[in-house]
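Written below as C-alpha cells is the structure these notes are about.
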Amino acid sequence: MGSTVETMEFQAETRQLLRLVIHSIYSNKDIFLRELISNASDALDKIRLESLTDPDLAADTSDLHIALDADHDARTLTVRDNGVGMSRDEIVELIGTIAKSGTAGLLEKLKGAEDAAAAQSLIGQFGVGFYSAFMVADKVTLRTRRAGTDAGTQWESAGEGTYELRDVDGLPVGTSVTLHLKPADGEDGLADYLSERKIRQIVKQYSDFIRWPIRMATERTGAEGATTTEVDTLNSMKALWARPRNEVTEAEYHEFYQQISHDWQAPAKTVHMRAEGTFEYEALLFLPAQAPFDLFSREPRRGVQLYVKRVFIMDDCEALMPDYLRFVKGVVDTHDLSLNISREILQHDRQIRAVRRRLVKKVLGAVKEMQAGDAEAYASFWSQFGRVLKEGLIEDTDNTEALLELVSAASTHDPDRTTTLREYVERMKDGQEAIYYLTGETRATVENSPHLEAFRAKGYEVLILTDPVDEVWVERVPGFDGHRLRSIAKGQVDLDEPADGDEAADAEKAKRDQDFAALLTWLTTALSEQVKQVRLSSRLTTSAACLVGDAHDMTPTLEKMYRAMGQQVPPVKRILELNPAHPLVTALRTAHEADPADPALTEIAELVHGGALLAEGGELTDPARFTRLLTERLTRAL
C-alpha cells in the first residue's frame with residue numbers, strides 16, 4: 001500500500017445534504033444495491049467502448065462481470081466490477097460530487113421540496129445515488145484502478161465530516177465498493193443485507209436485465225455434509241426489448257409476457273419498438289387476450305414498467321400509458337432518465353410525454369393491424385377490451401379518429417356479428433347523412449324499442465350501443481368520416497319528408513296536424529308533470545307511443561348513471577310522441593272530441609305514457625297506480 005494519504009473535509013452544507021440522503025430521501029433502503037450495480041454496469045459499458053476505440057488500452061474484456069461478496073464474519077458486502085475504473089482525480093470528480101462547492105443551492109431546493117418523492121427527484125438530478133450506501137453502512141470503502149494506468153486509489157468515509165483518499169498498489173483494473181453494514185433493524189427498514197435470499201430478491205427485482213452477469217459465490221452443503229462453494233449468476237440478462245425483433249422467438253416473447261403479467265395465456269399482440277435520436281428508448285408491450293379481473297376497479301393499475309438502462313425504476317408507470325390503455329403490459333427502457341426520477345417529475349417531463357404519444361399510436365396501430373388481419377382474433381379482443389378502449393373517445397382527443405376506426409358495435413344489419421363504423425358508412429342508403437344509433441341497457445331492450453320501428457321498416461341500419469360508456473362518448477364525438485352520429489331516440493326524426501313542391505303531401509300533413517291539435521294540447525297539459533310536450537310521431541309504425549328527448553337532453557340511462565355515482569342532476573322531462581295511425585290514438589282523439597272533460601281520458605293518458613316508458617325499459621314512478629289503472633281498464637273492457 002502506498003503512502004500518499006489525504007483527508008478532506010466536507011463543507012457544512014454538504015454534511016447537511018449527506019444527512020438528507022442517508023436519513024430522509026430514500027424511503028426504500030433496498031435501492032442502495034440497485035445504485036451500486038448500476039454504477040458497475042456503466043463502468044463495464046465504458047471499458048468495452050474504450051477498448052474498441054483505443055487499441056493501446058490493453059484492457060481484458062473477455063469476462064466482464066459484476067461480483068457480489070457477502071462476508072458474514074466481517075459484516076461487509078462488496079460490489080466489485082472489472083470495468084473501466086477511476087483515477088484519483090475522477091474519484092474526486094465523480095464519487096466526491098457532493099463534496100464540491102455549489103451545493104448550497106441544491107440544499108435550499110431540498111429544504112423546499114414538499115415531500116420525499118420530490119426531494120428524491122432532485123437528488124437523482126445531481127447523481128449522488130452512490131451515497132445511498134450510507135443508509136445501510138457505517139463506513140464505505142471504495143478501491144479502484146483506472147484502465148491504462150498502474151496507480152490504484154482508495155476512498156473511504158463514514159459519511160460524516162470527512163473522507164479519506166490514499167494510493168494503493170497492486171489493485172486490479174476496476175472498482176470494488178465495500179459496505180461495512182449496520183446491524184439489521186426491521187423498524188428502521190434495515191434488512192439483513194448479508195442474507196443470500198435478500199440479495200437475490202433485490203437483484204431479481206431491480207437488476208435482473210442488466211446486460212452483464214451479476215455473480216455471487218455461495219456455499220452449498222451436500223448430502224454427506226461436505227461444504228462446497230459455487231458461483232451463481234443472479235440475473236437473467238434476458239432483456240428481450242434490447243434485442244432485434246428478428247432475433248427473438250415467439251416462445252421467448254410469451255415466456256417474458258407470462259413473467260411480467262402472471263397471465264398464462266399467450267398475448268393477443270406483441271409490440272416491439274426502438275426509438276433513436278435525442279431521446280433513446282426501447283419498448284416491449286403486450287396486448288392481453290383476456291381482460292384482468294381488476295380492469296374496472298376503482299384504482300386500476302397500468303401494466304407498464306419503467307427501466308433506465310435495464311435498471312428497474314417503477315412498476316405501474318401511469319405517465320407512459322393513458323388510463324384507457326391500462327390493460328397493456330410491458331416494459332419501457334429509457335437511456336437518458338435519472339435512476340431516481342419520481343412519478344411527479346415523469347408526469348411533467350416533455351420527453352416522457354413524447355414517448356407516451358408514440359407508445360399510444362403504436363398500440364392503437366397494433367389493434368388496427370389485428371382488426372385488418374385477423375377478424376376472429378379482433379372480435380375476441382374487442383369483446384374483452386372494447387368497453388375500456390371507448391373511454392379513450394372521451395379522454396384522448398388526439399387519437400379520436402384512430403379510436404373510431406376501431407369501434408365495433410352490434411347493429412340491426414346482422415344479429416350475429418358486430419360492425420365497424422367504416423362498414424356502416426359503406427352500407428349507408430343513398431341520401432343518408434347521419435349514422436343512426438340507439439343506446440340501452442341490453443341488446444334485447446334496444447331491438448324491441450319502438451324507436452326502431454320506422455327505421456327497420458324502411459331499411460335504415462341502426463347501431464345498438466349497450467355499454468355504459470356509450471352514453472358519454474357518442475355525445476363527445478362530432479361524427480365519423482363526415483357523418484354525424486345521431487340518436488334515433490332524440491329530436492325530430494322524419495324519414496318520409498315530402499319532396500319540395502309535393503303539395504298533396506303537404507296538405508295531408510297540415511290536415512293531420514289540425515285534426516290532432518286539440519288532443520295534443522290537452523295531453524301536454526294533462527301530463528305536464530311527466531313530459532314537456534306531446535306531439536305526433538313519424539318514427540312509429542306499430543306502437544301507439546314512445547318517449548324521446550330533445551336533441552341535447554341527457555338520456556335516462558346517463559341520468560341514472562350520474563345518480564348511481566352520487567351526483568345530483570335535475571330530472572329531465574321528455575317528449576311523448578304518438579302514432580297518428582294507431583287505433584288507440586285515433587280512438588283517444590275521437591273520445592276527446594266527444595267529451596273533453598271525461599275523467600277517464602286522464603287515466604288513459606297515464607296508461608299511454610306508462611306503456612311508452614315500459615317499452616323502452618324505463619321504470620315507472622308509481623307502479624302500483626299504473627297496475628291499478630290498467631286492471632280497472634281491462635275489467636271494463638271484458
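The values are calculated or read from the model by the stated rules, or taken from the named source; none is laboratory data. None of these values were measured; they are calculated from a predicted model. Ideal geometry is used to build each Cβ from the backbone, glycine not excepted, and the neighbour counts take in all protein chains shown. These accessible areas exclude ligands, DNA and RNA; they are computed on the full protein's heavy atoms, side chains included. Shrake-Rupley method; radii C 1.70, N 1.55, O 1.52, S 1.80 Å.
Some values worked out for this structure:
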read-out	value
Near pairs, Cβ below 6 angstrom, 6+ apart or cross-chain, from the range 348-370 (closer than 18 Å to D333 by Cβ) to any residue that is open to solvent by less than 80 Å² (accessible area, probe 1.4 Å) and in a helix (DSSP H, G or I)	I352/A319; I352/L346; R356/L320; V363/L325
Subset of the range 567-615 [open to solvent by less than 40 Å² (accessible area, probe 1.4 Å), in contact with a helix residue (DSSP H, G or I) (Cβ under 9 Å, 6 or more places away or on another chain) and not in a helix (DSSP H, G or I)]	V569, R574, L576, E577, L578, N579, P580
Top-ranked residue of the range 434-478 - restricted to ones that are hydroxyl-bearing (S, T, Y) and under 19 Å from K560 (Cα atoms), ranked as surrounded by the fewest Cβ atoms within 10 Å (Cβ to Cβ)	T442
Residues satisfying the stated conditions in the range 508-537, i.e. hydrophobic (A, V, I, L, M, F, W, C) and open to solvent by less than 20 Å² (accessible area, probe 1.4 Å)	F516, L519, L523, L527, V531, V534
Subset of the range 538-556 (residues that are buried (at least 18 other Cβ atoms within 10 Å of the Cβ) and β-branched (V, I, T))	V548, T555
Residue satisfying all of: in the range 447-468; within 14 Å of K429 (Cα to Cα) and assigned to a loop (DSSP other than H, G, I, E, B); nearest to the chain's Cα centre (by Cα) among these	V462
Residues of the range 148-168 satisfying the condition of being within 19 Å of L57 (Cα to Cα), open to solvent by 10 Å² or more (accessible area, probe 1.4 Å) and either in a strand (DSSP E or B) or touching a residue at least 60 places away in the same chain (Cβ under 8 Å) (or both)	G148, T149, A151
Complete set of residues in the range 558-590 that are among the polar types (S, T, N, Q) and farther than 24 Å from L607 by Cβ	Q567, Q568
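A quick yes/no check of all residues on (1) under 23 Å from P580 (Cα atoms); (2) aromatic (F, W, Y); (3) in contact (Cβ under 8 Å) with a residue 60 or more places away in the chain; (4) outside any helix (DSSP H, G or I):
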site	(1), (2), (3), (4)
V472	no, no, yes, no
R512	yes, no, yes, no
L520	yes, no, no, no
T557	no, no, yes, no
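Residues are listed down the side, and each one gets a yes or a no for (1) more than 24 Å from E447 (Cβ to Cβ); (2) at pLDDT below 95; (3) not hydroxyl-bearing (S, T, Y):
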site: A545; (1), (2), (3): no, yes, yes
site: H552; (1), (2), (3): yes, yes, yes
site: T557; (1), (2), (3): no, yes, no
site: Y562; (1), (2), (3): yes, yes, no
site: M565; (1), (2), (3): yes, yes, yes
site: P570; (1), (2), (3): yes, yes, yes
site: P580; (1), (2), (3): yes, yes, yes
site: A594; (1), (2), (3): yes, yes, yes
site: A612; (1), (2), (3): no, yes, yes
